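Engineer: What follows is a single structure, and I will ask about it in a moment.
The values are calculated or read from the model by the stated rules, or taken from the named source; none is laboratory data. Bear in mind that the values here come from a model prediction, so they are computed numbers and not experimental data. Ideal geometry is used to build each Cβ from the backbone, glycine not excepted, and the neighbour counts take in all protein chains shown. Side chains are part of the model used for accessible areas, which takes the heavy atoms of the whole protein and leaves out ligands, DNA and RNA. Shrake-Rupley method; radii C 1.70, N 1.55, O 1.52, S 1.80 Å.
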Amino acid sequence: MPFKLVSCDGGGIRGYLTCRLLQDLHAETGFLDKADGFAGTSTGGLIAVTLADGRAQGKDTGDLIGVLAKHYRDDADTLFRVNEQGIVDKAFDELLKRFKLGGGPGITGAQYDASGLVEIGHTLVGDRTLSSLPTDLVLAVNTVCLNRSADIGWAPFTITNQELQYESWMNMRDVPLLDIALASAAAPSYFPPHLIRTKDTDYGYFADGGMFANNPVLNGINVAIAANQAEHLENVEALSIGTGLQPADISEDMVKNPDDWGLLKWFGVTSKAPKGALIEMMLTTSAENQYWMARLVLKDRLVRLNPPLPKVVGLATHEPESYDLMDQAIEASKQTKHWERAIEMLQRW
């Protein structure tokens, strides 16, 4: 029997698209109850943590993924609760807006605080810790440790419930699942860095895992093989779910004078580049690069669903049109050969 992995990309509010795809696939195949592991980055980390915890608690995974989708749609203002900035930061933000430059995603401070994520996350996973997950169900969640050690500095890290001898420097069994999700979702300039601290250990601050692997499929595979949950690559099948391909770019007309391209232009504040272009580009190219590498080694044992969006949907954009655009992409995805391949593979699980 193959090791069966479900991998969920990061993408902010577009986690709604991920949940809807998972929900509809599960309705046809029941695959969420048969997966051997869940991997996630950022918003995908929240989804992976919730599904792994749901399996461990014996919850109905079909209902659970529906609850998550509803949170993304109905509670977006809570998930993305605007950060109450200080007087100086507010004044600078207003100045930018007055000159129609916009505040950008966290130009003067984190755009959102994490209190809403904490509220909703707690309803999903409570106070349960990583040790509450059975070891025969793999969880792999990407994040960036901002200070691994004085010698190494910041470092990419995949938090897992598996015992990996070469990663024993950071045993997180006593860390709450909610902290793991928050650490993975701490997108720079959107959310503040997240501090993980237990009764016995101060792990320091963490940031969004999308900075190195917004698509966590290879991290999930590596953890499974290293923990002897999967024998080898030929023994792995994976479903990789994206958050929608964005019709976004930075054209020659937008650049004009490349020497002028400092931070504000890269964030779309003083240019016509998409808002938060630097972060969006980093997340998109990281995810597609991971897929390309995974596809080379897994071949037909990897199926990816990442439907094109008709228009750009920002990481935190949650107007009604945003959901209409994602729903359109979801329905279009069901008419593709990728959807057929996904159903065929998942029915074997």
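Engineer: I'm checking my understanding of the structure. Among residues of the stretch 161-212 that are over 14 Å from Cys145 (Cα atoms) and in contact with a helix residue (DSSP H, G or I) (Cβ under 6 Å, 6 or more places away or on another chain), which one is surrounded by the most Cβ atoms within 10 Å (Cβ to Cβ)?
Structural biologist: Filtering the stretch 161-212 for residues that are over 14 Å from Cys145 (Cα atoms) and in contact with a helix residue (DSSP H, G or I) (Cβ under 6 Å, 6 or more places away or on another chain), the one surrounded by the most Cβ atoms within 10 Å (Cβ to Cβ) comes out as Leu177.
Engineer: Could you check the stretch 13-34 and list, in sequence order, the residues that are crowded, with 22+ Cβ neighbours inside 10 Å and either touching a Cys at 6+ places or on another chain (Cβ under 7 Å) or not in a helix (DSSP H, G or I) (or both)?
Structural biologist: Of everything in the stretch 13-34, just one residue is crowded, with 22+ Cβ neighbours inside 10 Å and either touching a Cys at 6+ places or on another chain (Cβ under 7 Å) or not in a helix (DSSP H, G or I) (or both), namely Thr18.
Engineer: Just checking, which of Val255, Val312, Val297, Val236 is out of contact with any Lys or Arg (no Cβ under 6 Å at 6 or more places or on another chain) and either crowded, with 22+ Cβ neighbours inside 10 Å or among the hydroxyl-bearing types (Ser, Thr, Tyr) (or both)?
Structural biologist: Answer to the selection: Val236.
Engineer: What's the number of the only condition in (1) in contact with a Ser or Thr (Cβ under 9 Å, 6 or more places away or on another chain); (2) open to solvent by 40 Å² or more (accessible area, probe 1.4 Å); (3) without any contact (Cβ under 8 Å) to a residue 24 or more places away in the chain that Leu264 fails to meet?
Structural biologist: Checking Leu264 against (1) in contact with a Ser or Thr (Cβ under 9 Å, 6 or more places away or on another chain); (2) open to solvent by 40 Å² or more (accessible area, probe 1.4 Å); (3) without any contact (Cβ under 8 Å) to a residue 24 or more places away in the chain, the one that fails is (3).
Engineer: Could you check how many residues of the stretch 11-54 are among the charged types (D, E, K, R) and within 24 Å of Asn214 (Cβ to Cβ)?
Structural biologist: Number satisfying all stated conditions: 5.
Engineer: Given the options Tyr205, Tyr190, name the one that is in contact with a Pro (Cβ under 6 Å, 6 or more places away or on another chain), assigned to a loop (DSSP other than H, G, I, E, B) and aromatic (Phe, Trp, Tyr).
Structural biologist: Criteria check complete, one pass: Tyr190.
Engineer: Right, something else. Which of the residues belonging to the stretch 268-285 are in contact (Cβ under 8 Å) with a residue 24 or more places away in the chain and open to solvent by less than 20 Å² (accessible area, probe 1.4 Å)?
Structural biologist: Gly268, Val269, Gly276, Ala277, Ile279, Leu283 - these are the residues of the stretch 268-285 that are in contact (Cβ under 8 Å) with a residue 24 or more places away in the chain and open to solvent by less than 20 Å² (accessible area, probe 1.4 Å).
Engineer: With respect to Ser149, is the statement that it is of a type in the set (Ser, Thr, Tyr) and modelled with pLDDT under 85 true?
Structural biologist: Yes; evaluated as a whole, the condition is true for this residue.
Engineer: Only residues that are open to solvent by less than 20 Å² (accessible area, probe 1.4 Å) and in a loop (DSSP other than H, G, I, E, B): list them for the stretch 239-251, please.
Structural biologist: Answer for the stretch 239-251, where residues must be open to solvent by less than 20 Å² (accessible area, probe 1.4 Å) and in a loop (DSSP other than H, G, I, E, B): Gly242, Thr243, Gly244.
Engineer: Here's something else I'd like to know. Inspect the stretch 153-174 for any residue being farther than 23 Å from Ala35 by Cα, touching a Ser or Thr at 6+ places or on another chain (Cβ under 6 Å), in a loop (DSSP other than H, G, I, E, B) and modelled with pLDDT of 90 or more and give the result as yes or no.
Structural biologist: Yes, the stretch 153-174 has at least one match.
Engineer: Could you check Val141 against (1) under 21 Å from Asn289 (Cβ atoms); (2) touching a helix residue (DSSP H, G or I) at 6+ places or on another chain (Cβ under 6 Å); (3) modelled with pLDDT under 95 and say which number it fails?
Structural biologist: Going through the list (1) under 21 Å from Asn289 (Cβ atoms); (2) touching a helix residue (DSSP H, G or I) at 6+ places or on another chain (Cβ under 6 Å); (3) modelled with pLDDT under 95, Val141 breaks only (3).
Engineer: Quick check on this structure: which one of Gly54, Gly10 is in a helix (DSSP H, G or I) and under 24 Å from Gly116 (Cβ atoms)?
Structural biologist: Gly54
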